[in-house]
Amino acid sequence: MSLIMLAIALPAAAQDLAPPGPTLAAVQARGHVLCATSDPLPGFAQAGADGLWAGFDVDFCRAVSVAIFGDPTKMEFVPLSGDTRFAQLQTGAVDLIARNGPWTMRRDTGYGASYVGTSFFDGQAYMVPQTLGAVSAYELDDVRVCVLDGPEELAAIREFFFTTQATYSEILYEDREDLAVAYQSGLCNAVSAPASWLNAIRKSLPEPATHRILPERISKGGFGPVVRSGDDQWFKIVQWTLFALIDAEEAGVTKDNIGSLSAAKTHRIRRLLGLEGVYGPGIGLTEKFMANVIRQVGNYGEIFDRNFGPDTGAAVVRGQNALWSNGGLLYAPPIE
């Protein structure tokens, strides 16, 4: 058979599929993705009584598994301590960290790792009991604040209260667990920590709904997937899996309605579904990879609600993690 005839005989998707780079080739040969998170945290990653992991980070790992294999179960979840996360990534012990420390220049340039995007906007905040009557951090005055004895945390609250000229006292602790115990025991009537931590603390309290995480953020912290530096194809696979989840929510494509959208005329929806244009094969994936992810895992909003919504018993306001079109910071480039 001539080369021309062979090219015609091959399916278009196989003909156009980019060859796997080192990470994708290793993942395909192994048969599953090794996906990690920096530490277990309720709402993000937590093992149930059955030993199965669930949470926002775990769902993102499943999304990457679907993008590659079309199957959310072809993923092994690995919890890492804060002291070993970069070494494990560099040596290939894991392929991806779904949530690492906050995105900083030092972390992004100094450890052979690259942040691919922000999946969760965080920042230091305050939590108070509803009985305090405060709905804004700017109303706090004459309060006892439990806070970690760390330079960044202390600098943030000191600058905040210097600005508001309110009175307060610091009650310092070394570990996140100490903050929860002290706050629950009434040793302080406010606790300051990253909002993700505050949500975990609130979920651990007997009556989570009687405590309020105030809306203001007194520092900024962006969390997101991290991969080894030097493999552009793998970087793009993880990045566009994240972007597809965000773009799907913006376009109104959900796990429930995707099956009814095959006749859609809207270009952005047709591209998400792999019905118009060819976007996956250029990074070694099928043209349907985004549709498969949404169909099996859901869009960003569905993942957020599943792990932080009202049914969890300690709902988290979307806030900064709302879509840019709804007043939040969540944004993804268009698929075109």
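The values are calculated or read from the model by the stated rules, or taken from the named source; none is laboratory data. None of the values given here were measured: they were computed from a predicted structure. Glycine also receives a Cβ, built like all others from the backbone with ideal geometry; neighbour counts cover every protein chain displayed. For the accessible areas, the whole protein counts, side chains as well, though only heavy atoms, and no ligand, DNA or RNA atoms are used. Shrake-Rupley method; radii C 1.70, N 1.55, O 1.52, S 1.80 Å.
Brief remarks follow.
- Multiplying the residue separation of residue 152 and residue 93 by 0.36 nm and subtracting their alpha-carbon distance yields 18.2 nm.
- Dimensionless Rg ratio for region 206-336, taking C-alpha atoms and the 2.2 N^0.38 Å reference: 1.19
- Solvent-accessible surface of region 14-154, averaged per residue with a 1.4 angstrom probe and all protein chains in place: 42 square angstrom.
- Kirkwood-type radius of the chain, with distances r between different C-alpha atoms, in Å: 21.5
- For residue 185 and residue 104, the FRET efficiency from 1/(1 + (r/R0)^6), where r spans their Cβ atoms and R0 equals 41 Å, is about 0.80.
- Under 21 Å of direct C-alpha separation, and excluding same-chain neighbours fewer than eight residues apart, residue 236 reaches these lysines: 74, 288.
- Length gained on full extension, residue 177 to residue 326: 50.2 nm, using 0.36 nm per residue less the C-alpha separation.
- Rounded to the nearest 20 debye, the dipole magnitude of region 69-159 is 300 debye, with +1 charges on Lys and Arg beta carbons, -1 on Asp and Glu beta carbons, and the Cα centre as origin.
- DSSP-defined beta bridges in the chain - what % are antiparallel, rounded to 5: 50
- Look at the Cα gyration tensor of region 14-99: its axes a ≥ b ≥ c give a/c of at least 1.5 with a/b at or below b/c, and that counts as oblate.
- Using only alpha carbons, region 23-170 has a radius of gyration to Kirkwood radius ratio (Rg to Rh) of 1.09.
- Peptide ranges 256-265, 21-30 listed from the most packed, as the mean C-beta count within 10 angstrom indicates: 21-30, 256-265
- The packing ranking of peptides 187-199, 157-169, highest mean first, is 187-199, 157-169, where packing means the average number of other beta carbon atoms within 10 angstrom of each residue.
- Applying 1/(1 + (r/R0)^6) with r as the Cβ-Cβ distance of residue 25 and residue 132 and R0 = 45 angstrom yields a FRET efficiency of 0.20.
- Share of Cα-Cα pairs in region 86-223 lying beyond 22 Å, as whole percent: 42
- Percent of beta bridges antiparallel (DSSP, region 102-196, rounded to nearest 5): 30
- As a length-normalised measure over Cα pairs under 8 Å and 6 or more apart, the relative contact order of region 177-316 settles at 24 percent.
- Principal-axis tilt of helix 56-69 within the chain, Cα atoms, nearest 10 degrees: 10
- Considering only region 30-116, percent of DSSP beta bridges that pair antiparallel, nearest 5: 30
- Counting only residues at least eight positions apart within a chain, or on another chain, the aspartates and glutamates with an alpha carbon under 20 Å from that of residue 265 are 247, 249, 250, 256, 276, 287, 336.
- A simple packing score, the average count of other Cβ atoms within 10 Å per residue, orders the peptides 316-327, 277-288 as 277-288, 316-327, with the highest score first.
- Between 0 and 90 degrees, the angle of helix 151-164 with respect to the longest Cα principal axis of the chain falls at about 60 degrees.
- A 1.4 Å probe run over region 228-336, with the rest of the protein chains in place, finds 45 Å² accessible per residue.
- Label point of residue 278 set 7 angstrom out along Cα-Cβ; within region 301-336, amide nitrogens under 18 Å from it belong to 336.
- Fraction of accessible area attributable to carbon and sulfur, region 188-336 (%, probe 1.4 Å): 53
- Shape class of region 236-289 from the Cα gyration tensor (axes a ≥ b ≥ c, square roots of the eigenvalues): oblate, since a/c reaches 1.5 or more and a/b does not exceed b/c.
- Applying the Karplus relation 6.51 cos²θ - 1.76 cosθ + 1.60 with θ = phi - 60° to region 240-254 yields 3J(HN,Hα) values of 7, 5, 4, 4, 5, 4, 6, 4, 5, 4, 4, 7, x, 8, 10 Hz, where x marks Gly and Pro.
- Which of 69, 308 is most accessible, then next, and so on - probe 1.4 Å: 69, 308
- Two-site FRET efficiency, residue 165 against residue 306, from Cβ-Cβ distance with R₀ of 35 Å, rounded to 0.05: 0.25
- Between residue 229 and residue 142, residue separation times 0.36 nm minus the direct Cα-Cα distance comes to 26.5 nm.
- In degrees, nearest ten, helix 195-204 long axis to first principal axis of the chain (Cα): 70
- Summed residue charge, Cβ within 13 Å of residue 75's Cβ, Lys/Arg positive, Asp/Glu negative: -2
- For region 122-130, putting each phi into the Karplus relation 6.51 cos²θ - 1.76 cosθ + 1.60 with θ = phi - 60° gives couplings of 10, x, 5, 9, 10, 10, 9, x, 4 Hz, in residue order, rounded to whole numbers and with x for Gly and Pro.
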